[in-house]
Each structure stands twice: as C-alpha cells, then as structure tokens.
C-alpha cells in the first residue's frame, strides 16, 4: 500500500496523547532536507497521560511494518500507515501529520 514517508518532523502520538520521537533518525535518506526514519528505530514516548499503578504510561514504541519497496541500507522506512506497539501498554502509535512530498510502497 502506498503511504507518505515519515521524517523527523512527523507528528506521532501514543494512544494517550503522549508525544513520540525517533531515537535515531536516518540521515542517509532525507525528504525536504529532513532525515527519514527506519522501521528498526525505536521511538521514545513523553507525556503519556495514562497513569496509575496497574497501568504504567507508554515509554517506548517499536514499529512492526514499513515500506516494502523503498529501503535505506537494506532496511524499510516508516510510512504513515506503518503499525507499531508501545511498551508496556501494547497500544499503537498514531501518525497525526506526515510530510506530504514523498510516498513509498
């Protein structure tokens, strides 16, 4: 499926409105001068609103899907429709805004 590539300026949040950022951008491929993000890159979550002893807030997230045809260094890039899972909650991240210039499959 075609989707816009994610870069470091993309807005990504957890299911509880916590902001999420890539821990290691991919400088080998840029979109509009901004580094893209590989599927293997962990995301750090800050400001997750989920609180409570039995349910700790989202802390990190790992992506499970990425681009099938477009790769950087042999690794898939993240796209707007990529799927992820937050730790420790198991909820997904949501891409709110992605760059609108480059699509991948």
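The values are calculated or read from the model by the stated rules, or taken from the named source; none is laboratory data. Just so you know, these numbers come straight off a predicted model, no measurement behind them. Every residue, glycine as well, gets a Cβ built from its backbone with ideal geometry; the counts of neighbours run over all protein chains shown.
Restricting attention to region 91-105, the residues that are within 19 Å of residue 17 (Cβ to Cβ) and either in a strand (DSSP E or B) or modelled with pLDDT under 95 (or both) total 4.
The set of residues in region 5-33 being buried (at least 17 other Cβ atoms within 10 Å of the Cβ), more than 11 Å from the chain's Cα centre (by Cα) and more than 14 Å from residue 94 (Cβ to Cβ) consists of 26, 29, 31.
When we screen 61, 15, 49 for residues that are farther than 18 Å from residue 103 by Cα, touching a residue at least 24 places away in the same chain (Cβ under 8 Å) and assigned to a strand (DSSP E or B), the only hit is 61. Per the listing 75, 83, the residue uniquely at pLDDT 95 or above, out of contact with any strand residue (DSSP E or B) (no Cβ under 6 Å at 6 or more places or on another chain) and farther than 20 Å from residue 32 by Cβ is 83. Restricting attention to region 86-97, the residues that are closer than 14 Å to residue 43 by Cβ and touching a strand residue (DSSP E or B) at 6+ places or on another chain (Cβ under 6 Å) total 7. Residues in region 23-44 that are part of a strand (DSSP E or B), free of Cβ contacts under 8 Å to residues at least 40 places away in the same chain and closer than 20 Å to residue 74 by Cα: 27, 30, 35.
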